[in-house]
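Peer 1: Shown below is the structure under consideration.
The values are calculated or read from the model by the stated rules, or taken from the named source; none is laboratory data. All figures in this text were calculated on a predicted structure; none of them were measured in a lab. Here the Cβ positions follow ideal geometry from the backbone for every residue, glycine too, while neighbour counts run over all protein chains shown. When the accessible area is computed, the model is the full protein with side chains, heavy atoms only, and any ligands, DNA or RNA have been set aside. Shrake-Rupley method; radii C 1.70, N 1.55, O 1.52, S 1.80 Å.
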Amino acid sequence: NKGKYEHYMQKEIHEQPESLTTTMRGRLLLGGTSKAKGVLLGGLKDHLKKIRRSRRIVFIGCGTSYNAALAARSLVEELSGIPVTMEIASDLVDRQGPIYREDTVVFVSQSGETADTLQALDYALENDALCVGITNTVGSAIARRTHCGVHINAGCEIGVASTKAYTSQIVVMVMLALAIGDDTISSKVRREAIIDGLFDLPSKAKEVLKLDQEMEDLAQLLIAEQSLLVFGRGYNYATALEGALKVKEVALMHSEGILAGEMKHGPLALVDETLPIVVIATRDTCFSKQQSVIQQLHARKGRLIVMCTEGDAESVCAGGSCRVIEVPQVEDCLQPVINVIPLQLLAYHLTVLRGYNVDQPRNLAKSVTTQ
Ligand code: UD1
Ligand code: BG6
């Protein structure tokens, strides 16, 4: 039931304040006079000791699910001190990469039925790793075959392009990082800030959804373009990949997410006055580096659309002209949840304006159960 919406993708984008709330329901401990703030992931509580002892954590997924894991990678490393490596499921299987019994392997899959991810799961099970599932589908193959896991509880997602499942997957992995990480005195302030940030996240998602009309206007400007680049780094490299994936899969426009740190090593050659480029430059430790990326793009007369923190519009574009998308600021590791929403809206409006099928893009399936 689409309710007041024209398409499922549109409904699911706008549902994110609610889906994020249900993902966190019963899992955030907000503390009190004598109790510490924390998270409770029922599906992991008996396995946390073993996870904390692992030599390495490996995140495995395909498409949007891979991007969600990438968004959470550095927080898991920061809070647990355990190195995290990223694997696209098919690539791990293709090269039969090393997986050890001391590894915790986390399988991220909205449907829980993706054939590539399942094959990687069989491979990790054969190698005796601890296998953890993160899925939206209770009773799915991944939920059944993993040793333990977390249901993201985002509610049924019908649009082939994943939106609300993506943001809920990130939130679950942020909670996973908090659950594995030691509750040390030195990390207390950081952990509490993240928990407060999670608590506020649905209302920030609601705020950023107000950009809907602005994103439709931007889509109108970009309607006839051949290509769109998206530059991000740090926590928002994943946002660049995911924003570009959305534009590619539904709007059928070439789009590429690029790690801004790699700009000088190739992509800069593409920059001219015509190619539209989104630069994600919200406030975090990478902000000054992104400012210098913007300067370099200005110097080459790049056609820029800058996503920045509310209040930064003027300063971020000093030195050239650009269009700005201002988003509310949240804790750095949660910013990808907020930043992806305008890009989801942009992909949605571009698709509708270009006259393509939003909910069932050509050649794609919601769940790819064959290899
Ligand atoms: C569970 C209940 C939830 C109830 C809550 C009350 C289920 C599905 N969930 O939620 O309805 O409100 O207790 O405390 O009955 N698992 C895997 N692999 C996966 C995902 C999950 O093995 O990929 C396992 C978990 O380890 C766990 C079980 O499935 O044993 C349920 O996981 P989850 O729904 O996340 O647990 P709770 O949040 O505790
Ligand atoms: C398909 C979908 O390719 O599978 C993508 O079209 C999705 O949207 C990918 O990201 C992975 O799916 P899942 O269910 O494993 O998260």
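Peer 1: Rank VAL293, VAL330, VAL106 by mean-square fluctuation in a GNM of the chain with C-alpha springs under 10 angstrom and give only the top-ranked residue.
Peer 2: Residue with maximal mean-square fluctuation among VAL293, VAL330, VAL106: VAL293.
Peer 1: Another one. Sorting VAL76, VAL189 by accessible area (1.4 Å probe), largest first, what list results?
Peer 2: VAL189, VAL76
Peer 1: Hey, can you rank 209-217, 240-248 by average C-beta count inside 10 Å, highest first?
Peer 2: 240-248, 209-217
Peer 1: Roughly how many Å is it from the Cα centre of the range 188-213 to that of the range 299-321, as a whole number?
Peer 2: Using only Cα atoms to place each centre, the spacing works out to 24 Å.
Peer 1: Within 14 Å, Cβ to Cβ, of ASP272, how many net charges do the neighbouring residues add up to if Lys/Arg are +1 and Asp/Glu are -1?
Peer 2: +1
Peer 1: Under 22 Å from the Cα of LYS206, which lysines turn up, not counting those fewer than eight places away in the same chain?
Peer 2: LYS2, LYS4, LYS11, LYS164, LYS246
Peer 1: Using the Cα centre as the reference, give the magnitude of the dipole from point charges on the C-beta atoms of the chain (Lys, Arg: +1; Asp, Glu: -1; all else neutral), rounded to the nearest 20 debye.
Peer 2: 700
Peer 1: With N denoting the number of residues in the range 291-339, provide Rg(C-alpha) divided by 2.2 N^0.38 Å, to two decimal places.
Peer 2: Expressed relative to 2.2 N^0.38 Å, the Cα Rg reads 1.19.
Peer 1: Taking N as the number of residues in the range 213-302, what value does Rg over Cα atoms divided by 2.2 N^0.38 Å take?
Peer 2: 1.05
Peer 1: Residue farthest toward the positive end of the dipole of the chain, with Cβ of Lys/Arg at +1 and Asp/Glu at -1: which of LEU209, THR64, ALA313?
Peer 2: Value computed over the given set: THR64.
Peer 1: For the range 1-62, with only Lys/Arg (+1) and Asp/Glu (-1) charged at the beta-carbon, what is the dipole magnitude about the Cα centre, in debye rounded to 20?
Peer 2: 640
Peer 1: May I pose another question? Kirkwood Rh, Cα Rg: Rg to Rh for the chain?
Peer 2: Taking Rh as the inverse mean 1/r over Cα pairs, Rg/Rh reads 0.96.
Peer 1: Probe radius 1.4 Å, ligands and nucleic acids ignored: give me the carbon and sulfur share of the accessible area of the chain as a rounded percent.
Peer 2: 49
Peer 1: In the neighborhood of TYR8, defined by Cβ-to-Cβ distances under 13 Å, what is the net charge if each Lys or Arg adds +1 and each Asp or Glu adds -1?
Peer 2: Every neighbour counted, the sum reads 0.
Peer 1: Near LYS301, which aspartates and glutamates are there with a Cα under 17 Å away, not counting those fewer than 8 places off in the same chain?
Peer 2: In chain and number order, the partners are ASP272, GLU273.
Peer 1: For the charge dipole of the chain, defined by +1 on Lys and Arg C-beta atoms and -1 on Asp and Glu C-beta atoms about the Cα centroid, which residue among VAL132, THR117, VAL293 has the Cα displaced farthest towards the positive pole?
Peer 2: Farthest towards the positive pole: VAL132.
Peer 1: What is the percent of Cα-Cα separations in the range 83-138 that go past 16 Å?
Peer 2: 36
Peer 1: So, one more: List, largest first, the extents of the alpha carbons of the range 1-152 along their principal axes, each in whole Å.
Peer 2: The principal-axis extents, from largest down, are 48, 46, 27 Å.
Peer 1: Sort HIS14, HIS151 by heavy-atom solvent-accessible area, probe 1.4 angstrom, most to least.
Peer 2: HIS151, HIS14
Peer 1: Would you list the membrane-span-like helices of the chain, meaning whole DSSP H runs whose alpha-carbon atoms span at least 27 Å along their axis and whose mean Kyte-Doolittle value is at least 0.5?
Peer 2: Membrane-span-like by this criterion, though nothing is claimed about a membrane: 335-354.
Peer 1: Let me know the charge dipole size of the range 187-296 about its Cα centre in debye, to the nearest 20, where only the beta-carbon of Lys, Arg (+1) and Asp, Glu (-1) is charged.
Peer 2: Magnitude of the dipole: close to 600 debye.
Peer 1: Something else now. How much accessible surface area, in Å² rounded to 10, belongs to the heavy atoms of CYS308 with a 1.4 Å probe?
Peer 2: About 0 Å², ignoring ligands and nucleic acids.
Peer 1: Of all DSSP beta bridges located in the chain, what percent are antiparallel, nearest 5?
Peer 2: Within the chain, antiparallel bridges account for around 5 percent of the total.
Peer 1: Just LEU70, LEU268, LEU121 to compare: in a GNM of the chain, with alpha carbon springs under 10 Å, which one fluctuates most?
Peer 2: LEU268
Peer 1: Give me P(r) over the range 117-259, computed from all C-alpha to C-alpha distances, binned every 5 Å, as integer percentages.
Peer 2: 2, 8, 11, 15, 18, 17, 13, 9, 4, 2, 0
Peer 1: Please give the solvent-accessible surface of ARG73 in Å², to the nearest 10, using a probe radius of 1.4 Å with every protein chain present.
Peer 2: 80
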